[in-house]
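Please read the structure below before turning to the comments.
The values are calculated or read from the model by the stated rules, or taken from the named source; none is laboratory data. Fair warning: this is a prediction, and the values are worked out from it, not measured in the lab. Note: ideal-geometry Cβ built from the backbone for every residue, glycine included; neighbour counts use all protein chains shown.
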Ligand SMILES: [Zn+2]
């Protein structure tokens, strides 16, 4: 994913590559991405939970895992919960 924004360890943040000359274009691109996020109906914390949930439901080999399986039937990996 190409980020449109950046955040420094000290908390400073901004829009990548934004200058006085291209500020309108960069702000519009950032607003379009915000629109996409808001269209999901999920907040940032909910998206993180969904990602963790998806990772828990799939083996590293990509096999969808049933909740009561102890081993992946595709690659044999032990399923850690
Ligand atoms: Zn597997």
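For first residues located in the range 50-61 and farther than 17 Å from residue 73 by Cα and free of Cβ contacts under 8 Å to residues at least 12 places away in the same chain, partners that are outside any helix (DSSP H, G or I) and within 13 Å of the ligand (Cβ to nearest atom) and lie 6+ apart or on another chain with Cβ distances below 8 Å do not occur. Checked across the range 1-16, the condition of being assigned to a loop (DSSP other than H, G, I, E, B) and touching a residue at least 24 places away in the same chain (Cβ under 8 Å) holds for at least one residue.
Quick grid of which residues meet (1) at pLDDT 90 or above; (2) surrounded by fewer than 10 Cβ atoms within 10 Å (Cβ to Cβ); (3) in contact with a helix residue (DSSP H, G or I) (Cβ under 6 Å, 6 or more places away or on another chain):
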| site | (1), (2), (3) |
| --- | --- |
| 12 | yes, yes, no |
| 15 | yes, no, yes |
| 21 | yes, yes, no |
| 69 | no, no, no |
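Is it fair to say residue 77 is surrounded by 12 or more Cβ atoms within 10 Å (Cβ to Cβ) and touching a strand residue (DSSP E or B) at 6+ places or on another chain (Cβ under 9 Å)? It is true that residue 77 is surrounded by 12 or more Cβ atoms within 10 Å (Cβ to Cβ) and touching a strand residue (DSSP E or B) at 6+ places or on another chain (Cβ under 9 Å). Scanning the range 30-62 for residues that are within 15 Å of the ligand (Cβ to nearest atom), modelled with pLDDT under 90 and either closer than 21 Å to residue 2 by Cα or not in a helix (DSSP H, G or I) (or both) returns 57, 58, 59, 60, 62.
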